[in-house]
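Worksheet: the structure to be examined is printed underneath.
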Amino acid sequence: SFRDGAKILEELSLSSKHISVGLIEKKFKTSSIEVNIQGLLSSFEKKDAKAGINIVSQMSDEGVDFKLFTEELINALHQRLISQVVEGESFKMSLEETKKLIEMLAKSHTSIKYAVLPQLPLELTIVEWSATTENTEKSTEAQKPGTDGVISLILVADTLGSLEAIVAALSPKI
């Protein structure tokens, strides 16, 4: 609100005669937010949970507001989503992955208010994203034609055949 802005401006004017962008970035740690967003997006693209957790840990040490950070992260992903849909731009993440990540981060954002540690919802999202995409890749590999898929189908068919034989043996003969 206007009153909050006036209060912040008054605080800045009392601490320094010259108010600059650098002073505001230092006081409110806003310069690191953009760098951390790009780093976290990169870790999401690479599905690198360790790098993502390290970024969040560093931000926690710096005292970053995770609610604001998550909002900015969602905004960056929203811009990517719009670019993918409207302009046909391509990124390392597919349109479906971008959509899924936005949904996960939105849930994380709502959880921050009640979290014991403010960074915890974001960390859990990072871990869940890495696990979800790893499982998706594994299931996609299993669906590709090849010996593993054929062997799986044969095992399923054998199991079903065995079950049919057991059911037939247990059924009363009419």
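The values are calculated or read from the model by the stated rules, or taken from the named source; none is laboratory data. The structure displayed is predicted, hence computed values, not measured ones. Counting neighbours? That spans all protein chains shown, and the Cβs are built from the backbone with ideal geometry, glycine included. Heavy atoms of the whole protein, side chains included, go into the accessibility calculation; ligands, DNA and RNA do not. Shrake-Rupley method; radii C 1.70, N 1.55, O 1.52, S 1.80 Å.
Computed quantities for the displayed model
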| quantity | calculated |
| --- | --- |
| Pair list, Cβ under 6 Å, 6 or more apart: the range 81-95 residue without any contact (Cβ under 8 Å) to a residue 40 or more places away in the chain, other residue open to solvent by less than 70 Å² (accessible area, probe 1.4 Å) and of a type in the set (V, I, T) | L81/T98 |
| Selected residue (only one of S13, S43 is among the small types (G, A, S), out of contact with any Cys (no Cβ under 7 Å at 6 or more places or on another chain), open to solvent by less than 90 Å² (accessible area, probe 1.4 Å) and free of Cβ contacts under 8 Å to residues at least 60 places away in the same chain) | S13 |
| Candidate set from the range 51-61 (those that are touching a residue at least 40 places away in the same chain (Cβ under 8 Å) and among the β-branched types (V, I, T)); member that is surrounded by the most Cβ atoms within 10 Å (Cβ to Cβ) | V56 |
| Odd one out for D48, checked against (1) touching a residue at least 60 places away in the same chain (Cβ under 8 Å); (2) surrounded by 13 or more Cβ atoms within 10 Å (Cβ to Cβ); (3) out of contact with any helix residue (DSSP H, G or I) (no Cβ under 8 Å at 6 or more places or on another chain) | (3) |
| Failed condition for K67, given (1) in a loop (DSSP other than H, G, I, E, B); (2) touching a residue at least 24 places away in the same chain (Cβ under 8 Å); (3) of a type in the set (D, E, K, R) | (1) |
| Within the range 77-100, considering residues that are assigned to a loop (DSSP other than H, G, I, E, B) and either in contact with a Phe, Trp or Tyr (Cβ under 9 Å, 6 or more places away or on another chain) or not small (G, A, S) (or both), the one farthest from N36 (Cα to Cα) | E87 |
| Matching option when the condition is of a type in the set (S, T, N, Q), more than 19 Å from L124 (Cα to Cα) and open to solvent by 80 Å² or more (accessible area, probe 1.4 Å), among Q79, Q84 | Q79 |
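Yes or no, residue by residue, for (1) within 22 Å of V35 (Cα to Cα); (2) open to solvent by 60 Å² or more (accessible area, probe 1.4 Å); (3) modelled with pLDDT of 95 or more:
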| residue | (1), (2), (3) |
| --- | --- |
| G63 | yes, no, no |
| N75 | yes, yes, yes |
| I102 | yes, no, yes |
| L122 | yes, no, yes |
| T132 | no, no, no |
| S139 | no, no, no |
| L153 | no, yes, no |
